[in-house]
Amino acid sequence: MIEICNLYKQYDHQSLFKGLRLDVAKGSVVTLIGPSGSGKSTLLRCINGLETFQEGHISVNGQKLYGINEQNYDKAQTNQTLRNIRRKVGMVFQQFNLFPHMTVLHNITESPTHVLGTSQSEAESNAISLLKKVHLEGKAHSHPGQLSGGEQQRVAIARALAMKPEAMLFDEPTSSLDPEMIEEVLAVIKDLVSEGMTTIIATHEMGFARDVSTQVVFLEKGEIVEYGRPKDIFYNPKNDRTRAFLSRFTK
Amino acid sequence: MNYKLFIIRSVFLSLICFFTSYFPVTTSFANQNTLEKIKSSGVLIWGFDAEGGAPYVFHDLKHPPKLIGFEVELVEAIARELGVKVQSFQNAWDSILLSLQRGDFDIALNGIEITPDREQSVLFTRPYYVYAEQIVVRASDNRINQLADLRGKKVGTLYNTEAKRMLEEMGEVAVNIYSGQVEPFKDLSLNRIDAVFVDLPIASYYAMPNPQLRLVGKPAGEGYYGIAVRKEDTALAEELNKIIGKLLRTGELKKIYSQWGLWNASQENLFLHEGFLEKYTESPPSVSEKVSPSVTKFLPALLKGALVTIGISMLSMILAVSLGLALAIMRLYGNTWLQKISTAYIEIYRGTPLLIQLYILYYGLPNIGITLSAFAAAILGLGMNYAAYEAEIYRAGIQSIPKGQTEAALSLGMSRRLTLKRIILPQALRVAIPPMTNDFIALFKDSSLVSVIALVELTKSYSILASASMDFFKLGIITALLYFGMSYPLSLYARKLENKLKSHDRNL
């Protein structure tokens with residue numbers, strides 16, 4: 001469903017991705033692990049166009065995004081493609097990024113009503129059922145500032161789901177949470193993947209990655225060092241760098 | 001921006017006057033015999049306002065610092081007779097008598113009409129010129145032939161003059177009041193007004209050489225210009241009366257006036273005032289019989305000015321807010337060209353005085369065929385100037401919203417436009433509310449600047465009334481209170497709004 005083909009990306013004059021390839025099949029759950037700065041977040045952000053890249057292409061559900069140096073690159077076309085991709089791919093950020101001037105309910109209904117043209121009543125009843133799903137039905141009329149970090153992140157997940165996405169991207173969803181709140185967020189994500197949502201998650205939660213993933217990708221310096229099933233990566237890593245990285249978590 | 005200080009300055013000035021009248025120590029200077037002082041120092045200090053202009057006193061265009069005008073020649077003749085030199089003292093015409101009373105100069109001689117009101121506060125010599133009020137119209141306009149025809153027309157005049165008083169007494173005349181002498185004639189040629197009604201010397205000097213304009217009707221409302229001295233300076237007044245008499249008899253006065261095209265049959269009346277000096281020597285005036293006009297009498301005029309102030313401020317703020325927003329968006333999201341245009345606009349408008357911008361809009365644009373009404377020019381001037389400041393406030397507000405907000409909105413499929421409208425601007429606006437309130441209050445007070453383009457708003461109403469009644473103190477306090485009464489509720493409302501918005505994001 002998501003194909004990343006020959007991706008080249010550089011920041012200023014420093015290369016990050018040098019021909020990266022990755023296929024994510026429909027219904028699979030891919031976790032990206034690796035040290036900070038390895039390109040996990042950047043890879044997710046390239047997929048829904050929050051970052052540009054120089055070469056290669058990314059195809060989501062048949063919609064193709066080209067690198068800005070590619071011959072096929074066309075700015076107007078890219079903008080249209082991006083909007084199509086973003087409607088089909090939800091994203092959850094490390095910093096939640098809820099809209100502070102809107103209630104929880106309004107955060108969730110904003111995009112369906114304004115982008116998809118869903119009626120207000122339908123959007124609201126859908127939002128309420130999503131809030132139930134993330135166990136926050138009581139907070140519909142609160143403002144984000146009145147919620148804990150874990151609650152905010154669950155609202156952010158509900159907000160992304162309100163667009164009825166076909167895939168979800170999670171960019172370190174628990175990294176800025178207090179430890180006691182991590183579990184409630186991971187539980188919500190677990191529910192979601194068990195329903196068959198195509199998902200890519202960048203995370204430092206190794207236990208979680210091992211339990212929910214269909215594939216694990218170990219990234220280092222913008223390069224896929226190892227790719228495979230979780231039990232192979234976690235219990236039998238082939239590469240020394242993978243082993244060294246994981247050993248820090250199993251200590 | 002000098003006018004910004006006008007109210008404060010006037011109040012301060014009146015405070016000084018107020019206290020000097022209660023503490024005799026400070027008035028000792030004024031009690032000194034001015035005539036003796038002039039003779040011993042060999043200098044006659046003469047107060048006038050060169051901005052009042054030709055043909056009275058004005059700067060020689062060929063030799064700019066040099067002053068010329070019939071009054072310059074008159075004062076020089078007087079000084080010669082006194083055996084002293086002239087030292088000029090430039091003073092705003094509105095407050096010339098006030099400065100005379102303070103002791104800034106010895107005589108005020110600058111087309112000051114002798115009126116009962118003024119005689120309450122200063123002593124006048126015998127008249128040195130007989131003036132009359134003259135109607136000037138466009139050469140092509142046949143509608144107005146006499147004073148009565150001015151009814152229902154827009155008529156320009158100078159403020160604090162007999163002509164203005166006469167027009168107001170007639171009623172049904174839309175009076176446009178100017179502080180400079182050039183502007184009414186300019187507006188007349190631009191069709192902004194139907195006629196100008198001013199002292200004959202001014203009319204002759206400005207309208208006669210202009211083929212577009214003509215003088216109509218007989219001069220009306222004859223009156224006299226006199227030299228003003230402080231009330232206690234009877235000896236000086238007496239001496240000046242003798243000198244005026246002598247200049248009349250020797251024909252020197254006629255010679256001076258003729259040179260400026262100002263001698264006419266009416267001036268023969270000056271000889272009738274030979275006995276003028278006895279009037280004062282026989283009955284020395286009592287010092288403080290000044291009638292203080294009741295303040296409530298002025299309140300309607302002040303309130304009318306306040307309404308104009310509110311109207312101008314509101315409309316220009318609406319313009320500033322919307323244009324400012326457009327500029328900020330152009331600067332942040334536009335292509336290179338739009339960014340450059342917006343930046344240039346902001347820098348130019350912030351970097352030049354509002355006063356100059358107003359002059360260009362109102363008096364400059366007609367040169368390229370755009371003639372704005374005073375009200376439109378005021379709103380455009382203030383609005384376009386403040387738009388530059390609002391733009392920068394919005395830009396700061398928009399930039400203070402974390403990038404994650406835009407990213408979250410985009411990732412939800414929103415377009416850039418929708419993101420800006422629904423997510424970024426509502427948040428940026430809250431950040432902008434305190435500085436915007438600040439600006440609105442500043443604009444409110446800056447609206448007093450538009451009096452330069454013949455709009456009578458609150459500050460102008462105040463200075464007109466105050467210089468007519470010589471009561472800068474009480475009227476000043478009332479005017480200041482009116483300003484405060486209008487701006488304070490605004491601050492309160494803004495604070496409330498701010499708190500209301502803030503309560504939503506308590507934990508952020």
**DSSP beta bridges in chain A [antiparallel fraction, %, rounded to 5]** = 55 percent
**Request:** Over the whole of B:413-420, what's the average partner chain Cβ count within 10 Å per residue? Rounded to a whole number, please.
**Result:** 4
**Asked** Among B:A77, A:S175, B:Y389, whose Cα lies farthest out toward the positive end of the dipole of the protein assembly as shown, if unit charges sit on the beta carbon of Lys, Arg (+1) and Asp, Glu (-1)?
**Response** A:S175
**Request:** Over chain B, calculate the relative contact order: mean separation of alpha carbon pairs under 8 Å at least 6 apart, over the residue count, as a percent.
**Result:** 17 percent
**Prompt:** Going by the alpha-carbon gyration tensor, a ≥ b ≥ c the square roots of its eigenvalues, is the range B:129-225 rounded (a/c under 1.5) or, if a/c is not under 1.5, prolate (a/b greater than b/c) versus oblate?
**Reply:** rounded
**DSSP bridge orientation in chain B - percent antiparallel, rounded to nearest 5** = 55 percent
**Asked** Name the residues of the range B:148-179 whose amide N is less than 14 Å from a point 7 angstrom out from the Cα of B:K218 along the C-beta direction?
**Response** B:148
**Asked** Which of rounded, prolate, oblate describes the protein assembly as shown, given a ≥ b ≥ c as roots of the alpha-carbon gyration tensor eigenvalues and a/c under 1.5 marking rounded, otherwise prolate only if a/b is larger than b/c?
**Response** prolate
**Request:** Measure of size requested: the Rg and Dmax of the range B:51-115, with Cα atoms as the atom set and Å as the unit; please supply both.
**Result:** 12.2, 36
**Complete:** The helix B:374-399 Cα axis meets the longest alpha-carbon principal axis of chain B at an angle in degrees, between 0 and 90 and rounded to 10, of 40 degrees
**Item:** On Cα atoms only, tilt of B:70-82 relative to the major axis of chain B in degrees
**Value:** 50 degrees
**Asked** If you count, for every residue in A:161-168, the Cβ atoms of partner chains within 10 Å of its Cβ, what is the mean?
**Response** 1
**Request:** Give the percent of DSSP beta bridges with both residues in the protein assembly as shown that are antiparallel, rounded to the nearest 5.
**Result:** 55 percent
**Request:** Mind checking which of B:V196, B:L354, B:T343 is farthest towards the positive end of chain B's charge dipole, using Cβ charges of +1 (Lys, Arg) and -1 (Asp, Glu) about the Cα centre?
**Result:** B:T343
**Message:** Checking the cross-link filter: which aspartates and glutamates have an alpha carbon closer than 20 Å to that of A:K164, excluding same-chain neighbours under 8 positions apart?
**Reply:** A:E110, A:E122, A:E124, A:E137, A:D191, A:E195, B:E407
**Request:** Using only the alpha carbons of chain A, determine the length spanned along each of the three principal axes and report them from longest to shortest in whole angstroms.
**Result:** 51, 49, 31
**Prompt:** If the limit is 23 Å between Cα atoms, which of B:K304/B:K500; B:K153/B:K304; B:K421/B:K502 go over it?
**Reply:** B:K304/B:K500
**Asked** Can you list residues whose amide H is under 5 Å from A:F17's amide H, if they're 5+ apart or on another chain and H is modeled 1.01 Å from N?
**Response** A:K9
**Request:** Round to the nearest 10 and report in Å² the accessible area of A:M181, as given by a 1.4 Å probe over the protein chains' heavy atoms.
**Result:** 40 Å²
**Request:** Starting at the first residue of the range B:229-245, write each ³J(HN,Hα) from the Karplus equation 6.51 cos²θ - 1.76 cosθ + 1.60 with θ = phi - 60°, in whole Hz, x for Gly and Pro.
**Result:** 10, 5, 3, 7, 8, 5, 5, 5, 4, 4, 4, 5, 4, 4, 5, 4, x
**Nonlocal amide H pairs with A:E166, under 5 Å, H built at 1.01 Å** = A:V89, A:G90
**Request:** Any chance you could give the angle, 0 to 90 degrees and rounded to 10, that helix B:299-333 forms with the longest Cα principal axis of chain B?
**Result:** 40 degrees
**Message:** What distance in nm lies between label points placed 7 Å from Cα along the C-beta direction at A:E51 and A:S175?
**Reply:** 1.0 nm
**Cross-link pairs B:K37/B:K85; A:K75/B:K403; A:K64/A:K88; B:K460/B:K496; B:K164/B:K297; B:K474/B:K496 - those with Cα-Cα distance over 24 Å** = B:K460/B:K496; B:K474/B:K496
**Item:** Under 19 Å from A:K9, Cα to Cα: aspartates and glutamates that are on another chain or at least 8 residues apart
**Value:** A:D23, A:E51, A:E55, A:E70, A:D74, A:D171, A:E220, A:E223
**Item:** Cα centroid separation - the range B:434-483 against the range B:71-112, whole Å
**Value:** 29 Å
**Item:** Gap separating the Cα centres of the range B:406-433 and the range A:60-95, nearest whole Å
**Value:** 20 Å
**Prompt:** Over all Cα pairs of the range B:193-261, how is the pair count split among 5 Å bins, expressed in % and running from 0 up to the last occupied bin?
**Reply:** 3, 12, 17, 17, 15, 14, 11, 6, 4, 0
**Fill in**
Expressed as a percent, the portion of alpha-carbon pairs in chain B spaced more than 42 Å apart is 31 percent
**Message:** Given a 1.4 Å probe and heavy atoms of the protein chains only, how would you sort A:S15, B:S447, largest accessible area at the top?
**Reply:** A:S15, B:S447
**Prompt:** What's the center-to-center distance, using Cα atoms, between the range B:323-342 and the range A:136-167 in Å?
**Reply:** 35 Å
**Request:** Leaving ligands, DNA and RNA out of it, rank B:Y483, B:Y488, B:Y345 by accessible area with a 1.4 Å probe, largest first.
**Result:** B:Y488, B:Y345, B:Y483
**Message:** Apply the Karplus curve 6.51 cos²θ - 1.76 cosθ + 1.60, θ = phi - 60°, to the phi angles in the range B:408-413 and return the couplings in whole Hz, x for Gly and Pro.
**Reply:** 4, 5, 4, 5, 8, x
**Prompt:** Just how much of B:M317 is accessible, in Å², when a 1.4 Å probe is used and the result is rounded to the nearest 10?
**Reply:** 20 Å²
**Request:** From other protein chains only, count the Cβ atoms within 10 Å of every residue's Cβ in A:45-52, then give the mean.
**Result:** 2
**Request:** Would you tell me the accessible area of B:F271, worked out with a 1.4 angstrom probe on the heavy atoms of the protein chains, in Å² to the nearest 10?
**Result:** 80 Å²
**Request:** Rank by packing, highest mean first: peptides B:335-341, B:155-161, with packing defined as the count of other Cβ atoms within 10 Å averaged across residues.
**Result:** B:155-161, B:335-341
**Prompt:** Got a sec? Which residues in the range B:171-199 would a label at B:A148 touch, if it sits 7 Å along Cα→Cβ and we count backbone N under 16 Å?
**Reply:** B:171-173
**Prolate/oblate/rounded call for the range B:296-507, Cα gyration tensor, a/c under 1.5 rounded** = oblate
**Item:** Relative contact order (%) - chain A, alpha-carbon pairs under 8 angstrom, separation at least six
**Value:** 26 percent
**Prompt:** So how strong a dipole does the protein assembly as shown carry about its Cα centre when Lys and Arg Cβ are +1 and Asp and Glu Cβ are -1, to the nearest 20 debye?
**Reply:** 2140 debye
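The values are calculated or read from the model by the stated rules, or taken from the named source; none is laboratory data. What you see is a predicted model; the values in this text were computed from it and never measured. Virtual Cβ from ideal backbone geometry, glycine too; neighbours counted across all protein chains shown. SASA here: full protein model, heavy atoms, side chains in, ligands and nucleic acids out. Shrake-Rupley method; radii C 1.70, N 1.55, O 1.52, S 1.80 Å.
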